[in-house]
Amino acid sequence: MKRIKVLNIIAIGLMLLEVGCTNGFDSMNTSSTSLTSSSLSAELLFATCVNKGTSADYQRNYSLYDDQYSHYFSNCVQSFMTGNYEYNDSWANSGWEEFYAEREKEYIDIDSICGSNANYTDMKAMNNIWNCFLWQRVTDRWGDVPYVGASKGTAVAYNSQKSIYLDLLSRLSSACTSIGSNSTTQYSPGDDDLLYQGDASKWKKFGYSLMLRMAMRISNVDPTDAKTYAAQAVAGGVFTSNSDNAKVEDDLSGNGYYDYYNFIITDWENATTDKDFMNYMRGGTTSYPRANTLDPRAAYWFTPGNNGYVGFKNGTISSNYPTDFNWSDYAAINSTTKGYFYFLEGASNVSRLYYPVENYAEVLLLEAEAALRGYIGGDAQSLYKAGITASINDVATVSEGSVPGDTIQKYIDGLPSWAGASSNEAKLKLIAVQKWIAVFPNSCEGWSEIRRTGYPDDLTYPDVSSSSVVTDGDWIQRISYPNNEYLYNNKNMPASYQSTSSYYSKREQYGVWWSLCGQDKTLSKGYTATNTFN
Amino acid sequence: MMKFYLKKVFLIKKLLFLLFAFIALPVIGQTVVTGVVKDDTGSPIPGANVVVRGAKVGVAADIDGKYEISVPSSSSVLVVSFVGCTTKEVSVNGRSVINIILPSSTKELREVVVTALGIKREKKSLGYSVQDVKSDELTKAGEATVTDALQGKVAGLQISSSGTGAGGSQKIVIRGNSSLADNNDPLWVVDGVPYDNSTDTGNYQYGGYDRAGGAFDLNPDDIESISVLKGPAAAALYGSRAGNGVILVTTKKGGKNGRLGITYTGKMSVSPVAYSLDMQNIYGQGTNGVFSSTAKTSWGAKMDGSSIPAWWDDTKTTAYSVQKDVIKNFYNTGNTQSHSVSFAGGDSDNPFRLSLGYDYTKGNVPFESIKKTSFDYVSHHKLDKYLDVDIKANYVNTAGRNRPLLGYYSTMYYLYTMPRNIQLSDLNNHKFDATTLAESGVYTEDNWATPSALYRNPYFLNSQDNDKDVRNRFFGFAQFTVNFTPELKLKLKQGMDYADTQYQYVYKYKDAEMSGCPQMSMTKETHRELNSEFLLTYNKQVNDFSIGLSAGGNRMHTKTESLYGNSGQFSVSGAYYLSLGTAQTCSNTINEKEINSLYGFADLGYKDYLYLDLTARNDWSSTLPAANRSYFYPSVSLSGVVTSALDAWNVKYNKNIFTYGKVRASFAQVGKDTDPYQLQQTYSTSIGGFGYLYASEPTTLSNINLKPEIATSYEFGTEWRLFKDRFGLDFTYYNTVTKNQVLNIPYIFSAGYESQTANVGKITNKGIEMELSCKIINTKDFNLDATANIASNRTRVTKLDPTVSMYQFSSLENGLQVVAVQGDKLGEIYDYGYKRDVKGNKIIGSDGLPEKTDSQEVLGCIQPDFTGSFGLNANYKGIFLSALFTFQKGGDIYSFTEASAANVGVAKCTADRSDRVVKGVLENGSTNTTSISAQKYWQNGVTSEQFIYDASYLKLGELTVGYDFPKAELQQLTHNIFNSFKVSLFGSNLLYLVKHTPGTTPDGSAMSSNIFSQAVDFSPVPNTRTFGVSLNLGF
């Protein structure tokens, strides 16, 4: 009897041990709440790539850098020293890291899903065009960067900016040609294409418009290729109206995305309008004398501060603030119902906020310059005027308003005279200043074109921090390579950045390949260099 | 591979089963004698040897002095002996129960501690350091949590509280940080079953809430003792998770005298705000010395009490006068009450204990509260002479409400950066924008400065953030002990630790700083850990040798599942539930892992003075690749009781001087696995705002060849009691090398990954620990004891990785990092300092401002030189007084609190507003003569170096005074109604005798409990002092 009891107890005990037993020991270490590469689809990644390509981490990627260096917005927080040309690695590396660790890999994955499948010809081309757009931003900000073979798990050499540009132009050419070339039914990402909802023909126009942008960027340094591609782009078909504009709508539903302009500028009070841009909004400047009337776009973009349409000088250290200063003295972005930055959160989810990619006005002004340089036919002056008109109409339309034609004409008439511009350089200045205004708030383009053309030429120089490597008197020309590259990929960096001293000293003051000052050279606020025409 | 293993385990189980059945047969029916061996004071003598005369083998009494021996005939004679006691011979004379008393000389010899797997051992036989704390010491100062109560009581156990107030997390580190992954928590084990203490803080510098780990659920009044197993040798049997040491909690068991004992313990305490940043009280809102109602800083004119325009209404005025105690006045005085009733009963074979506990803490933050209700049941059942059953069931419900929101955007930050003239009553009366409310009926924030991320109204925030959390926890086990023979036992145990936790956040109003408000979110998380184990032990006394052999196995399975839901914005206000939201989203995660283990150990003793322990364990973890998932690790430890050996060898020495002496040495390895899902790259998915689904690329390069982490250590120690126990000394030296830590280290961004998972590093921890005790006065009526614990640990990063020479724990927004640099001490504070010339002069720019160094450099290190405590205990006829001082020497802390307040002219260091010429030289070597304003200096001239403070401190941590009614008198007086009556007044965190930080405390101002947070004074909520009264009544 007792024996049975003991045996029973032992049996119960062993059974207890089995309670914890699981059969899936070998398969247990596979996550059941995330996808593996075999279950991916193109649209899952394409939506991510387009959305995040323009908006992700907007503050660290753009607001603290391009937004300020384009003189569109100015910094309000003393400890954010990027406006004073200081380097902050944890911010500066963010855009670099996101591009290489996410955007480029999304491109690679989508490209691999498309493969050589005839149904994916258009998708493959759209993916390529978007990738070229992102690459241009990367190389414009950092110069020579790892390009061929990047983001595939192993370190690769840096490529020259020139070779990257030429490759991007050639890729755009192939992509634009291939769109619509295949008669089989094409896969469409549908609404997951946040730019054109799967309309491949619009992507083709965007591809050529981007080609034109890239071509004009290199016009000072590689006029031959610039001319070839500018001509090819215009012949291929660039944007023909504001309805072609490439922009990514912001999402305001509170599902993880922010309306960064309103947050950074209005709610967080981290940035405000820039003195220089507002000067050009209000009227003429010494260097750019125009009728002292308010730019027709100003009231859509901004609301006046206590001091009217006045901006704050970027990079002012606080002890140089005016006594009794108040942020509300300065103009703010217009978030009212008739404003360009209007947004309404929540249930109604009304959004008028877009991350700008490329607009029709920019394309017309690029064409004006191309015509001026003789790359394409057409009349530079009328393209220039059409560009201004397109921009004003677009800003008004987006803001659900309108600007009468005679108001536009009056504005154009008040501008410095085209006829009075005696040289190509002088005409280029007119185009460049208007393009700087027309692409607002696309600060990547704004800053790049200032660096390429040197216009506007009366921008305000910040209080440069003594901890910045930019020499007092030089303009900022680029963003430094992140410490991560210096620490872990040193041997692949351009030779002149490999030593500690050069890495820490050769930074933001040195131009990229297409800069007006020339590669690895500096440009002083006195503007000694001019553009090259031939 | 794994199938093989499983088959093997199954086979072993089958064999064991047959073996047990076989062994069980012949032993049934033998003559067995049982009894208890006690000393002349009536205390049981664990480990007393009981041998049948003439036979070579015997048994050792168990921890309660109980023995059980088979005798060949009813006329056998038992020889009972124990070191330091007179050996006795007793005839059996046909009796089956024989209780024996052995007169003893030094009872300290038989100090018993709980060791790995819950095995009680005599402390003298251990070759490694174990320090234990008894219940009296734990609950003396009325601490609400076990971790608070352990503070300062164990050498080398460093407890850092975060500064997040009641119910905040605490970091417990034994012998220093050894993990770069910041996973330095020791394993908690309650009555032999692992007890989850993972901290679900979820907070970081941009927000979140800090919550205590699971050990918070333990009711201090249920605890009998806590043993701290410090080194790997002590902990080796617990395997993977014990690499950072083990905290073994033994809970109280039932009564043994057949009488129902009822005990009530009650505590009440208050915690007023005591320590916060020093402020200047002269200058108010403005800039450059001029008052301005729109300025965000306190760089204005002297506050003279004049009328200034009211910030909420231009037509009204308010006073321009200093608000000295803004922080003290904003926060409440916290208070805690706790009640615990226990019932203990049963007889010595079937004891049980039942306890009920209730704690309620009203936090310092308005509306903050934490409530804990606990139930604990434990019983032992001796079913028959072969079978014992132990059962424990524990249920705890912990509910938190309105825990403080932390980080940059926290209430505290807004309070200590606000101009000095802003009045709390104004902020409270005008937290809602009256204009918006009148116009649209929407409650929005109003503040002294337009509400933005940096300027918020703390009263609005308090009304806005409405968080609550509830945790239901079930913990328990069933244990069967099969006593085949007195020597051979089999223990089977099934333990479970289950918790479901629900977090809920409601943002009640529209909020400029957060999109989509009002909204709410809810997370429901369940965590379950099952431990199934068996242990077969065999104990035998052969002549002078005691032999203990054990073999066991454990299967640990853990699974955590969480479900998250967010409402999106509510279109109506006043009601808050998920399905009322307009953009509902949800997500879920699952984490699961299993470790299977087999282990064996041997305890060998010779003549009560030489002991050798050997252990071996093999683990199989599901988290490692098949080729590396099996790992083996051994330990060996040796203990020699010098004084007993000298006695045995008949060497004469002065016992009045050398009462007791022991030396010990050990070597051990412990292997450690990693977290689940580290081997495979996956894409996470979530819903985007337009309703589309998007996938995210993996940014960490996974590693399919991960290996287990291995910690190898050795330890030497010695213990002495001198002058008839007047002085005691316990000294330990240890050295631990941890290799192959699984870590995400930075990768080359342009190669496509932020980080890669790799086995890296070699971390060396070296240190000494010392415990000292002294009976200063020892008379019948009056006792005065002093104790001290001192530990010094140095953690060095010997090697990181061939590609990475610096590892960053985390960084502040301003760039200050806490790092591990190859070759340096772990936990360095790294940022820009002042640029200096070769002579050490500061380099000053042409603008008169000091220049920053070109790159970030080491400004300090979190590691202290040594830490410790010093305690005094006095007792006069039941009146007792005890004081515990704790201290830290060395270590640095960066005061983010002061840096933020100095920038806006609020901190005390900015009280001097005169222009200044910063002492230093220009680049060309000439002396600086440029004068700058105080504002320019504090806003543009200071670097992080300015705010690095020495974190040394000495504080009166605990003070208790009370009266413990002598038991005999009490029983007589109350006709045996009362068994115990104890009342005491206690205080904790009372007074800093040494401290260098500017008003804040160096040891309680962190935002969380991780390595990074410990380097930064972030002052999440102000620190408090606690005063209370405690009452203990036993019936």
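The values are calculated or read from the model by the stated rules, or taken from the named source; none is laboratory data. Worth saying up front: this structure is predicted, and the values here are computed from it rather than measured. Note that each Cβ is placed from the backbone with ideal geometry, even for glycine, and that neighbours are counted across all protein chains shown. Just the protein is used for accessible areas: all its heavy atoms, side chains included, with ligands, DNA and RNA removed. Shrake-Rupley method; radii C 1.70, N 1.55, O 1.52, S 1.80 Å.
Its Cα centre serving as origin, chain A has a Cβ charge dipole (Lys and Arg +1, Asp and Glu -1) of approximately 740 debye.
If you plug the beta carbon distance of B:A434 and B:L991 into 1/(1 + (r/R0)^6) with R0 = 35 Å, you get a FRET efficiency near 0.15. Quick check on segment B:417-502: take the gyration tensor over C-alpha atoms, sort the square-rooted eigenvalues as a ≥ b ≥ c, and tell me if it's rounded (a/c under 1.5), prolate or oblate. Prolate, since a/c reaches 1.5 and a/b exceeds b/c.
Peptide B:781-789 has a mean of 0 when you count, residue by residue, the C-beta atoms of other protein chains within 10 Å of its C-beta. Taking trypsin sites (Lys or Arg not before Pro) as exposed when DSSP calls them loop (any state but H, G, I, E, B) and at most 15 other Cβ atoms lie within 10 Å, what is the longest stretch of chain A free of them, the sites themselves excluded? By the stated rule (loop sites, at most 15 other Cβ atoms within 10 Å), A:153-337. Report, in listed order, any pair from B:K372/B:K593; A:K52/A:K105; B:K120/B:K540 with a Cα-Cα distance greater than 23 Å. Distance filter (> 23 Å) returns B:K372/B:K593. Cross-link partners for B:K877 among the lysines, with Cα-Cα distance under 26 Å and sequence neighbours closer than 8 places in the same chain left out: B:K107, B:K134, B:K140, B:K153, B:K267, B:K724, B:K775, B:K780, B:K967, B:K982. Computed from point charges on the beta carbon alone (+1 for Lys and Arg, -1 for Asp and Glu), the dipole magnitude for segment A:101-241 about its Cα centre is near 400 Debye. Here B:K835 is the anchor, and the aspartates and glutamates within straight C-alpha reach of less than 13 Å, apart from those fewer than 8 places off in the same chain, are B:E851, B:D854, B:E857, B:E923, B:E945.
A protection proxy built from the mean count of other Cβ atoms within 10 Å ranks the segments B:581-592, B:354-365, most packed first, as B:354-365, B:581-592. Per the Debye formula on identical point scatterers at the alpha carbon atoms of the protein assembly as shown, with no solvent, log10 I(q)/I(0) at q = 0.04, 0.05, 0.06 Å⁻¹ is -0.32, -0.49, -0.68. Using the Cβ-Cβ distance between B:L872 and B:A319 with R0 = 56 Å, the FRET efficiency computed as 1/(1 + (r/R0)^6) comes to roughly 0.70. Taking a ≥ b ≥ c as the square roots of the eigenvalues of the Cα gyration tensor of segment B:474-571, is the shape rounded (a/c under 1.5), prolate (a/b larger than b/c) or oblate? Here segment B:474-571 falls in the prolate category.
Highest mean packing comes first when the peptides B:668-674, B:633-639 are listed by Cβ atoms within 10 Å, giving B:668-674, B:633-639. In order along segment B:212-217, phi translates into HN-Hα couplings of 5, x, x, 5, 4, 6 Hz, rounded to whole numbers, per the Karplus curve 6.51 cos²θ - 1.76 cosθ + 1.60 with θ = phi - 60° and x for Gly and Pro. Counting Cβ atoms of other protein chains within 10 Å of each residue's Cβ and taking the mean over peptide A:41-53 gives 4.
Buried area at the A:B interface is about 8400 square angstrom, summed over both chains, from accessible surfaces computed with a 1.4 angstrom probe.
Label separation (A:A419 vs B:V470): 8.2 nm, computed from points 7 Å beyond Cα along the C-beta direction.
How about B:K908: which lysines have a C-alpha closer than 24 Å to its C-alpha, ignoring those fewer than 8 places off in the same chain? Excluding near neighbours in sequence, the set is B:K296, B:K302, B:K324, B:K328, B:K842, B:K852, B:K919, B:K936, B:K955, B:K995. For chain A, treating each Cα as an identical point scatterer without solvent, what Debye log10 I(q)/I(0) comes out at q = 0.09, 0.13 1/Å? For the requested q values the scattering log ratios are -0.65, -1.41. Accessible area of the protein assembly as shown with a 1.4 Å probe: how many percent of it is carbon plus sulfur? Here it works out to 54 percent. In terms of distances greater than 32 angstrom between alpha carbons, the cross-link table entries B:K739/B:K889; A:K275/B:K839; B:K252/B:K385 yield A:K275/B:K839. The mean number of partner chain beta-carbon atoms within 10 angstrom of a residue's beta-carbon across peptide A:267-276 is 3.
Distant-in-sequence amide contacts of A:V248, defined by a placed amide H-H separation under 5 Å and a gap of 5 or more residues or a different chain, comprise A:Y355, A:V357.
Where a ≥ b ≥ c are the square roots of the eigenvalues of the C-alpha gyration tensor, would you call segment B:844-994 rounded, which needs a/c under 1.5, or, failing that, prolate if a/b is larger than b/c, or oblate? Prolate.
Rg and Dmax of segment B:346-443, both derived from C-alpha coordinates alone, stand at 26.2, 82 Å. Using alpha-carbon pairs under 8 Å, 6+ residues apart, how would you state the relative contact order of chain B in percent? Reported relative contact order: 11 percent. Between the residues B:V80, A:W142, A:A235, the greatest Cα displacement towards the positive end of the dipole of the protein assembly as shown, with unit charges on the Cβ of Lys, Arg, Asp and Glu, is found for B:V80.
Farthest toward the positive end of the dipole of segment B:380-539, out of B:M418, B:A499, B:S515, is the Cα of B:A499, where the dipole comes from beta carbon charges about the Cα centre. Only the Cβ atoms of Lys and Arg (+1) and of Asp and Glu (-1) were treated as charged; on that basis the dipole of segment B:841-915 about its Cα centre amounts to roughly 580 debye.
Seen from B:S550, the other residues with C-beta closer than 14 Å to its C-beta sum to a net charge of +3, counting Lys and Arg as +1 and Asp and Glu as -1. Considering only B:G42, A:L194, A:S181, the residue lying farthest towards the positive end of the dipole of the protein assembly as shown is B:G42, judged by Cα position with unit charges set on Cβ. On full extension, the segment bounded by B:Y509 and B:K780 gains 90.9 nm, given 0.36 nm per residue less the C-alpha separation.
Accessible surface computed residue by residue for the protein assembly as shown, with neighbouring protein chains in place and a 1.4 Å probe, gives 36 Å² per residue. For chain A, relative contact order (Cα pairs under 8 Å, six or more residues apart, normalised by length) works out to 18 percent.
Estimated from the Cβ-Cβ distance and a Förster radius of 45 angstrom, the FRET efficiency linking B:K839 and B:N735 is about 0.70.
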